[in-house]
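The values are calculated or read from the model by the stated rules, or taken from the named source; none is laboratory data. Small disclaimer: the values here were computed from a predicted structure and weren't measured. As a convention, Cβ positions derive from the backbone with ideal geometry for all residues, glycine included, and neighbour counts pool all protein chains shown. Only protein heavy atoms, including side chains, enter the accessible area calculation; ligands, DNA and RNA are left aside. Shrake-Rupley method; radii C 1.70, N 1.55, O 1.52, S 1.80 Å.
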Amino acid sequence: MPEIYIDQQKIELYQKAMKDAGLCVLATEMPQVRAIAALRSGKIDGVFAAKNDLPDIAKLPMVPGDVLLGSLDGYLVMREGPIEGISDLSTEVLGVPLGATWCSQIVDSYANIVKVPRGTQMLQQMLAEGRIDAMLTDAYSLDLTGGVPDGYKAITIDHFDVTSWLKAEFKDIRPLFDKGTSAFMASVGR
């Protein structure tokens, strides 16, 4: 489960939805980078939310669930002005959520990056304090933290779908996994 925006109640709802679907699932929260390491080491068997590059990043055979969790934009957020994309950045300090994988290829060649542990909320605070010049975030996280701050703009730099994933060795339980995922999404109003 994503570390930043999940609480104990949602974890319990998820586990109940999976149990009702016929699966025993122990959910834990962690950032995406830790989840990938846990997949590789065999500590976890799936990821609640990731984009379609998860198998490549994890370097493991994985199968996506059939339930679309969301279709999101990835944004560059910065002060109003002439910059219209990542390629326009030169010396600006760019804040990136620690553990986020959706933007890793986008910023691979940019040197002035600060990785922040508490995601979009902390990035927005750092923008307001002038500690960073710009930040990367996804639409879901930006919406949860109140949207684009006054005096700033959000430039779409990516678009991606998010689904749940299982290690390929568990592909036979995917119908039950999808049933549980659908029930969970309905229980949280999505």
### Message
Given a 10 angstrom Cα cut-off, can you work out which residue in 124, 15, 105 is the most mobile in a GNM of the chain?
### Response
105
### Query
If you wrap a convex hull around the Cα atoms of the chain, how much volume per residue is inside, in Å³?
111
### Task
Order the following by accessible area, largest value first: 24, 103. Probe radius 1.4 Å; ligands, DNA and RNA are ignored.
24, 103
### Task
Would you list which aspartates and glutamates come within 15 Å of residue 171, measuring only between C-alpha atoms, while excluding same-chain residues fewer than 8 positions from it?
45, 66
## Note on the structure
Over the chain, with neighbouring protein chains present, the accessible area per residue in Å² at probe 1.4 Å is 53
### Message
Show me the trypsin sites (Lys or Arg not before Pro) within segment 1-110 that DSSP assigns to loop and that have at most 10 other Cβ atoms within 10 Å of their Cβ.
### Response
59
### Message
Counting only GluC sites (Glu not before Pro) that sit in a DSSP loop (anything but H, G, I, E, B) with at most 16 other Cβ atoms within 10 Å, what is the longest stretch of the chain containing none of them?
### Response
1-79
### Task
For the chain, give the percent of accessible area contributed by carbon and sulfur heavy atoms, probe 1.4 Å, rounded to a whole number.
51
### Query
Antiparallel DSSP bridges in segment 63-190: what percent, to the nearest 5?
75
